[in-house]
Amino acid sequence: MVISVSHLKKYFKVQQKKPGLFGSLKSLFSRKFQIVEAVNDISFEIDEGELVGFIGPNGAGKTTTLKCLSGLLYPTNGRISVLGYMPQERRHSYLRQIALVMGQKNQLWWDLPAQETFLLNKEIYEIPDDIYKNTLAELTELLDVAALLKTPVRKLSLGERMKMELIAALIHSPKVLFLDEPTIGLDVVMQKHMRDFIKEYNVRHKATILLTSHYMEDVRLLANRVIIIDQGKILYDGKLAQLVKKFAKYKALSIILDSYISPDALGEIGELISYDFPRAVIRVPRSASNVAAAQLLQKFPVDDLNIEEPDIEDVIRDVFSKK
Ligand SMILES: Nc1ncnc2c1ncn2[C@@H]1O[C@H](COP(=O)(O)OP(=O)(O)OP(=O)(O)O)[C@@H](O)[C@H]1O
Ligand SMILES: [Mg+2]
């Protein structure tokens with residue numbers, strides 16, 4: 001296995017400041033600290049070539065975890081092993097094999113063409129000329145940005161810049177990628193480009209990828225497996241499809257009626273979610289869905305009936321709101 005995280009904790013000590021200048025002065029002397037348990041005892045393992053979605057609401061601890069994994073933060077407690085290294089030791093040989101890409105941060109030189117940053121990274125990572133050329137050619141082709149290599153970064157669109165960021169981060173052919181919201185702020189077309197690229201890169205290079213995103217579309221289309229984190233703790237780790245089975249309490253019976261039935265009558269089967277004759281959707285408890293479906297067919301003139309799983313997005317929202 002490539003990544004192993006065992007009982008990882010990362011706490012931050014933050015000073016509680018009182019508002020205003022007087023407050024600042026006061027806290028200078030009183031020194032009241034508060035502990036933020038950003039990551040609170042999480043464990044997981046990821047195999048080579050896996051593409052895992054790491055999701056959770058704002059402040060859940062995703063970025064903190066990725067920073068620990070890439071050696072930017074020292075864990076408060078627990079053990080991390082990536083490619084056999086302890087990331088916090090920040091060995092050069094480790095850093096050469098990984099990449100951390102943050103959608104909200106950039107490493108590109110603003111006033112220079114992206115190419116210049118790539119060349120700088122070539123030197124930093126000591127990439128031989130021929131390998132550099134091949135990798136750059138592959139990445140620029142996959143991302144379709146060959147024509148933009150000489151354009152100063154500040155003149156690129158957000159999406160184009162993000163593509164260049166990816167190239168800068170991948171020019172040393174890392175084996176493990178930590179992608180922190182790589183599609184944030186991009187339009188749907190550009191999001192799709194990014195997604196296609198990430199998938200392709202994962203398959204081609206057998207790269208192990210841990211990816212965070214607030215867009216369910218990213219997770220749905222990219223990751224087989226998801227790890228859900230909330231308030232520093234893992235709520236779920238497994239297949240996306242299983243998540244629905246495990247957490248969704250309801251199913252939706254979607255029907256088409258042959259003749260009009262009063263909403264009240266339909267409401268006796270379950271909760272009537274929508275009714276726009278001839279279509280109606282009735283929500284029923286998961287365990288009762290078969291019985292409810294049979295009842296519907298028996299009592300009413302139903303033309304068509306589908307038993308549907310709720311939307312993953314709704315299920316996840318449900319999981320978070322219950323905490
Ligand atoms: N350097 C820091 N000092 C103090 N607190 C921090 C620091 N970095 C993160 N935190 C706190 O740790 C918690 C987890 O933050 P983190 O950035 O990991 O969340 P996240 O899951 O990435 O959220 P988002 O989806 O908004 O990016 C938050 O409460 C945050 O305020
Ligand atoms: Mg974050």
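A few remarks follow.
- Residue pairs meeting the criteria (Cβ under 9 Å; at least 6 apart or on separate chains; first hydrophobic (A, V, I, L, M, F, W, C), in the range 42-67; second in a loop (DSSP other than H, G, I, E, B) and near ligand 1 (Cβ under 6 Å from one of its atoms)): Ile42/Gly61
- Filter result for Ile255 (surrounded by fewer than 17 Cβ atoms within 10 Å (Cβ to Cβ) and part of a strand (DSSP E or B)): no
- Residue match in the range 94-101 (condition: away from ligand 1 (no atom under 16 Å from the Cβ), crowded, with 20+ Cβ neighbours inside 10 Å and either of a type in the set (Gly, Ala, Ser) or at pLDDT below 95 (or both)): yes
- Within the range 104-131, residues that are touching a residue at least 12 places away in the same chain (Cβ under 8 Å) and in the same structural domain as Thr151 (by TED's automatic domain parsing) have Cβ atoms under 6 Å from residues that are assigned to a helix (DSSP H, G or I) and of a type in the set (Val, Ile, Thr) in these pairs: Leu108/Thr117; Leu108/Val153; Trp109/Thr117; Trp110/Val153; Ala114/Val153, counting only partners at least 6 apart in sequence or on another chain.
- Exactly one residue out of Val153, Val101, Val188, Val176 is farther than 21 Å from Leu51 by Cβ and not hydroxyl-bearing (Ser, Thr, Tyr): that is Val153.
- Screening Ile80 on (1) over 23 Å from Ala223 (Cα atoms); (2) of a type in the set (A, V, I, L, M); (3) touching a residue at least 40 places away in the same chain (Cβ under 8 Å) shows it passes everything except condition (1).
- Condition met for Pro75 (within 16 Å of ligand 1 (Cβ to nearest atom), at pLDDT below 95 and over 17 Å from Pro174 (Cβ atoms)): no
- Against the test of being among the hydrophobic types (A, V, I, L, M, F, W, C), surrounded by fewer than 16 Cβ atoms within 10 Å (Cβ to Cβ) and touching a helix residue (DSSP H, G or I) at 6+ places or on another chain (Cβ under 7 Å), the options Ile209, Ile273, Ile307 yield a single qualifying residue, Ile307.
- Conditions (1) assigned to a helix (DSSP H, G or I); (2) at pLDDT 95 or above; (3) surrounded by fewer than 16 Cβ atoms within 10 Å (Cβ to Cβ); number of the one not met by Leu136: (3)
- Residue that is under 26 Å from Tyr236 (Cα atoms), within 12 Å of ligand 1 (Cβ to nearest atom) and at pLDDT 95 or above, where the choices are Glu37, Glu48: Glu37
The values are calculated or read from the model by the stated rules, or taken from the named source; none is laboratory data. A quick note: this is a predicted structure, and the numbers were derived from the prediction, not measured. Every residue, glycine as well, gets a Cβ built from its backbone with ideal geometry; the counts of neighbours run over all protein chains shown.
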